[in-house]
Amino acid sequence: MKKLVLLCIMAASMNMANAQEPETVITYAAGDFLISILSEGGNRGNAGSLQGATEEQLKKYLPDGTFPLETQVFLVRTKDKNILIDTGHGKNLFKNLQSLGVDESQINVILLTHLHGDHIGGMLRDGKAAFPNAEVYLSQAEHDYWTGLAERGEAAGKALAPYKDRLRLFTPAAPGETSPELLPGIQALAAYGHTPGHTAFLIRSDDSKWLIWGDVIHAAPIQMPCPEVALSFDVNPEQAINTRKSMLEYAVQHRITVGGMHIPFPAAGKVAKGKEGYVFSPLCFCEGI
């Protein structure tokens, strides 16, 4: 682990030395784990993709009619494993891994929150498995939904095909439910709604707890204070709303650091109750290592 910390410090120093390059990697210590957030970049989402937002809410929280829509990948390093949570678009992923001294062949596990293209885009390189030694974990419900769709499931099928002999299907637990860990220190939690098998991952080491919740939130500026606002591309908007509310409440009650694939970089922080809904406070860059 000392070697890993040294690599992180070296990577951070390189980023600081080249101030003109946008920072795309930051690493935080979580007990015996290192959690790195790897930015895939992003743009602006349009309020037209929201469902259930009132004119008053839009005017208050999205005055220009847009919101930041970025994509992140999470790398979790334990004493003996390198674990990716999602693979993003594959845009910056491999460059970001290299900056941490991690080769694709050194990735042992890929945990997939769901099978949308912006979460599985880095699974392949030149049509082959980008991570030749990785086992891929995916919820049974998510697998069944996408593999049961001929056209809509084509991209998901192609991304999973090279990993078929290393695919591990599971059923996630409800938040707060006692269940076996998926991997040491990592529990899969059901976060259904955005997609039928959408999954969050709870990471625990010593007193540190992180909840990597995938796409529980897309439009943070409005969905944090107004979790009843859904997205037009939620498969089941009502279920997605209920999941968002329960995940936010779970994070508050247990004082868990949350990380989201579409929260603006550094994409991790604490959730608290606000005057309206919830308030998100991002981790400071200075807390990274």
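The values are calculated or read from the model by the stated rules, or taken from the named source; none is laboratory data. Quick caveat, the model's predicted, so the values are computed rather than measured. No Cβ is skipped: glycine too gets one built from the backbone with ideal geometry, and neighbour counts run over all protein chains shown.
One table, with the values for the structure above:
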read-out	value
Count of region 215-226 residues which are touching a Phe, Trp or Tyr at 6+ places or on another chain (Cβ under 7 Å), more than 16 Å from Gly269 (Cβ to Cβ) and not hydrophobic (A, V, I, L, M, F, W, C)	0
Among residues of region 236-264, those that are farther than 25 Å from Gln57 by Cβ and assigned to a loop (DSSP other than H, G, I, E, B), counted	3
Residues that are among the β-branched types (Val, Ile, Thr) and closer than 14 Å to Glu23 by Cα, drawn from region 275-289	Ile289
Residue selected from region 110-157 under the condition of a type in the set (D, E, K, R) and in contact with a Ser or Thr (Cβ under 8 Å, 6 or more places away or on another chain), by the criterion surrounded by the fewest Cβ atoms within 10 Å (Cβ to Cβ)	Asp118
Subset of region 203-226 (residues that are within 17 Å of Pro175 (Cβ to Cβ) and crowded, with 23+ Cβ neighbours inside 10 Å)	Ile203, Trp210, Leu211, Ile212, Trp213, Gly214, Asp215, Val216, Ile217
The listed residue being closer than 23 Å to Val109 by Cβ, surrounded by fewer than 18 Cβ atoms within 10 Å (Cβ to Cβ), at pLDDT 95 or above and of a type in the set (Val, Ile, Thr), out of Thr199, Thr171	Thr171
Test result for Ala240, touching a residue at least 60 places away in the same chain (Cβ under 8 Å), buried (at least 20 other Cβ atoms within 10 Å of the Cβ) and touching a Gly at 6+ places or on another chain (Cβ under 8 Å)	no
Unmet criterion (only one of (1) buried (at least 23 other Cβ atoms within 10 Å of the Cβ); (2) more than 25 Å from Val109 (Cα to Cα); (3) within 17 Å of the chain's Cα centre (by Cα)) for Ala230	(3)
Filter result for Ser281 (among the hydroxyl-bearing types (Ser, Thr, Tyr) and assigned to a helix (DSSP H, G or I))	no
Wholly within region 33-147, helices (runs of 4 or more DSSP H) carrying at least 1 residues that are closer than 29 Å to Ser205 by Cα	93-99, 117-120, 140-147
Per-region count, region 60-84, residues in contact with a helix residue (DSSP H, G or I) (Cβ under 9 Å, 6 or more places away or on another chain) and buried (at least 20 other Cβ atoms within 10 Å of the Cβ)	8
Output for region 246-289, where each listed residue is polar (S, T, N, Q) and either under 12 Å from Ile37 (Cα atoms) or surrounded by 16 or more Cβ atoms within 10 Å (Cβ to Cβ) (or both)	Ser246, Thr257
Residues satisfying the stated conditions in region 38-57, i.e. in contact (Cβ under 8 Å) with a residue 40 or more places away in the chain and farther than 17 Å from His262 by Cβ	Gly52, Gln57
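To keep it simple, each residue is scored yes or no on (1) out of contact with any Phe, Trp or Tyr (no Cβ under 8 Å at 6 or more places or on another chain); (2) surrounded by fewer than 16 Cβ atoms within 10 Å (Cβ to Cβ).
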position: Tyr28; (1), (2): yes, no
position: Leu34; (1), (2): no, no
position: Leu50; (1), (2): yes, no
position: Leu58; (1), (2): yes, no
position: Asp86; (1), (2): no, no
position: Phe94; (1), (2): yes, no
position: Gln106; (1), (2): yes, yes
